[in-house]
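So the structure is just underneath, and the comments pick up after that.
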Amino acid sequence: MTERCQGDTRPRTGPRARTAIVLAAAALLAATSVAFLPGTASAGTTLGASAAEKGRYFGTAVAASRLSDGNYTTILNREFNSVTPENEMKIDATEPQQGRFSYGAAEQIVNHARSRGMSVRGHTLAWHSQQPSWMESMSGSALRSAMLNHVTQVATHFRGQVVAWDVVNEAFEDGTSGARRNSNLQRTGNDWIEAAFRAARAADPGAKLCYNDYNTDNWTHAKTQAVYNMVRDFKSRGVPIDCVGFQSHFNNDSPYVSNYRTTLSSFAALGVDVQVTELDIQGAPAATYRSVVEDCLAVARCNGVTVWGIRDSDSWRASQTPLLFNSSGQKKAAYDAVLAALNNGTTPTDPPTTPPTTPPTTPPSGSCTATLQDSTRWGDRFNSQVTVSGASNWTVVVAVTPPQKVSNTWNGTPTWDSSGNVMTMRSNGSGNVFGFTTMANGTWTRPVVRSCTAS
Ligand code: G2I
């Protein structure tokens, strides 16, 4: 029998009286804007698992050169379910000479992540900075073509492996002008940004395409408003943009502000997802970290949070000790605050959705039994939880219906068949309940447990 957590506001298909009670509860929840009652979520013990239970990811920037550091990878593999290559997908790394592409370091990170069920954010296809010298010296239509070719080649190479691309990075001026940054790319014509987005969409139609920038946190700032106006214009003209990344490098000169949540929700209201893409905070104050996470959880279209490095010693601003782990890899107070925020977080009010059309699944049982339960559901995705009984070392095969895609997993180690629709989940010592998030992509069919075997 399929159970439902209290936070699930979908109408129930069951006895009439019970349906009425649940519908009344759902209406009450909608009216109070709280769709997840305290105490109903199982508390995760890692950042990634806790975020996944809220339908979010928790990611980190990763440097390929650190993957041989056992302390680093232990934390990475335990805590995070999304990674962003810190430098390895940038233009100077992927096309060091014009027309000669180099993907080794980026692939190292992508393979490390995907083989462990972590998703990958791609960073970044078009940027005024970290250009190889051949590109720095180009201009005009030659540069425009080279930039578009770069976008096409790199996005095509990683097609299907990157869930979201920072297509264009940091294209606006700081300060009060609200103007575009004066770069060699900007000088190829004001339409260079939309041209980059169109090329990226053609190359990888399945990836979410983001605009990413810093100092766009304060809703009242000219730069924030300028990016907002660009996104609104893009949406109105059908330019293929799906998300906006807020880098969120906070420090004494550029502090976190309480209208950050307004910024996130205002952009989301334009019809794009929002993501916190490079979070670090000078001194790592626990309360500020907590606020950022709470702000993301309060906005339905905030997909997740990425911190810009794991340990303080991994940070581009190491002297500011801005991260969640100290240089020895110990959890800091900010870590505890973030985990608590993820575990206590409310899920936001989403538009009402209809339940899956298939009946509850009774999985076949072998030497163990796996029971799939519906969990929280959002406008574009839903969580499922699988409880295994009869074995502690288990392997469970679950299938989703195309074009659905699993975007997050927790409490197990997944592998995939070549279609990407059949997930084989193996126990990893985290107990007998694992979970996953399915991006519906328009199809709300419940995933099916195909088998459970003890090993
Ligand atoms: O500057 C912080 C971030 C701002 N938003 C865009 C991000 O891409 C950017 O990341 C940083 C990396 O964290 C640094 O690691 O981007 C810097 C370059 O713009 C990166 O620094 C570079 C150094 O400048 C190079 O000298 C060095 O070879 O890192 C390279 C690899 O360690």
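Please treat every number below as a calculation from the coordinates, not as lab data. Model, not experiment: these values are computed from the prediction. All Cβ positions, glycine included, derive from the backbone under ideal geometry; neighbour counts span all protein chains shown.
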Can you give the net charge of the other residues whose Cβ lies under 13 Å from the Cβ of Gln153, counting K and R as +1 and D and E as -1?
0
How high is the relative contact order of the chain, in percent, counting Cα pairs under 8 Å that sit 6 or more residues apart?
16
Near Ala318, within a Cβ-to-Cβ distance under 11 Å, what is the net charge of the other residues, with Lys and Arg +1 and Asp and Glu -1?
-1
Working out 0.36 nm times the residue gap between Asn393 and Phe101, then minus their Cα-Cα distance, what length gain in nm do you get to one decimal?
100.9 nm
Within the chain, how many Lys pairs that are eight or more residues apart, or on different chains, come under 30 Å at the alpha-carbon?
15
Of the DSSP H helices in the chain, those whose Cα atoms cover at least 20 Å axially and whose Kyte score averages 0.0 or more:
16-32, 140-157
Considering just Cα atoms, how many Å³ per residue does the convex hull of the chain enclose?
142
Counting DSSP beta bridges with both ends in region 143-282, the antiparallel % (nearest 5)
5
Amide N of region 304-323 lying under 20 Å from the label point, which is placed 7 angstrom from the Cα of Gln330 along Cα→Cβ
310-315, 318-323
Virtual spin-label span in nm between Arg181 and Ser319, 7 Å along Cα→Cβ:
2.3
Total formal charge among the other residues, if their Cβ is under 14 angstrom from that of Arg261, Lys/Arg +1 and Asp/Glu -1
-1
Efficiency of FRET from Cβ geometry, Thr45 and Arg159, R₀ 41 Å, rounded to 0.05:
0.75
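Based on the mean of other Cβ atoms within 10 Å per residue, sort peptides 87-98, 296-307 so the most packed one is first.
So the peptides 87-98, 296-307, ranked by packing, come out 296-307, 87-98.
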